[in-house]
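This report refers to the structure that appears directly beneath it.
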């Protein structure tokens, strides 16, 4: 049986887990940080924790100049670029909100891996992310890796599609087939902590779950 959560409770001081994306998760009392490694070029990532302010300025603090974040409206992208010294700010602004459950493309302008550290609180209790009709970028609402439906409770239904993005490689497509199979094909996708993915659903619906670090 898969471990439900990758976060420790107050009984333990800290814990870590490595994934294929070279990520690590540590937590004390449901507050902690997540390290996500960005490959050179484009990466599809999420904000796995509730920060004090989930805007781009806070979530992506400390990134190098020319780092770009792309938010998706369902029809088009908006680009935010970090301008280094002497300005040290995002342009056109750093106010776009990236909440847990959502996702963005991030462009690493360097030639080596870049580690981004997300700091904040683990979302707990009843959680809901709205899945709009058509295409959107979504992610797990909590810092948990696993199978999208079995572990992360994604409400797969006939016609749903998930597109995982691998830096330097491209997209892998997964589709949910309805009755009598009622399963993902070619297999149920598994995602990492801090990873986002494109979702396409024929009809809007909520993605709901209840989560606690103590269970």
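Largest GNM mean-square fluctuation among 120, 178, 32, using the chain with Cα springs under 10 Å: 178. One compactness figure for the range 72-141 is 1.34, namely its Cα radius of gyration divided by 2.2 N^0.38 Å.
Computed over the chain with a Gaussian network model linking Cα atoms closer than 10 Å, the most mobile of 124, 203, 175 is 203. Computed over the range 155-206, the percent of Cα pairs more than 16 Å apart is 43. Start at zero, step by 5 Å, and the Cα-Cα distances of the range 125-211 spread as 3, 14, 26, 29, 19, 8, 2, 0 percent across the bins.
With the simple spin-label model, which puts each label point 7 Å out from Cα in the Cβ direction, the residue 70 to residue 115 separation comes to 2.7 nm.
Each of the peptides 72-79, 61-68 was scored by the mean count of other Cβ atoms within 10 Å over its residues; in descending order, highest first, they stand as 61-68, 72-79. When the helices of the chain are scored as -39500 (n - 2.57) per DSSP H run of n ≥ 4 and the total is divided over every residue, the value at 222 nm lands at -500 deg cm²/dmol. Rounded, prolate or oblate: which fits the range 102-149 when a ≥ b ≥ c are the square roots of the eigenvalues of the alpha-carbon gyration tensor, with rounded for a/c under 1.5 and prolate only if a/b beats b/c? Taking the square roots of the gyration eigenvalues as a ≥ b ≥ c, the range 102-149 is oblate.
Here, the range 36-111 yields an orientationally averaged convex hull projection of 5.0 nm² when only Cα atoms define the hull.
No lab work stands behind these numbers, since they all come straight from the coordinates. Because the structure is predicted, anything quoted here is derived from the model rather than measured. No Cβ is skipped: glycine too gets one built from the backbone with ideal geometry, and neighbour counts run over all protein chains shown.
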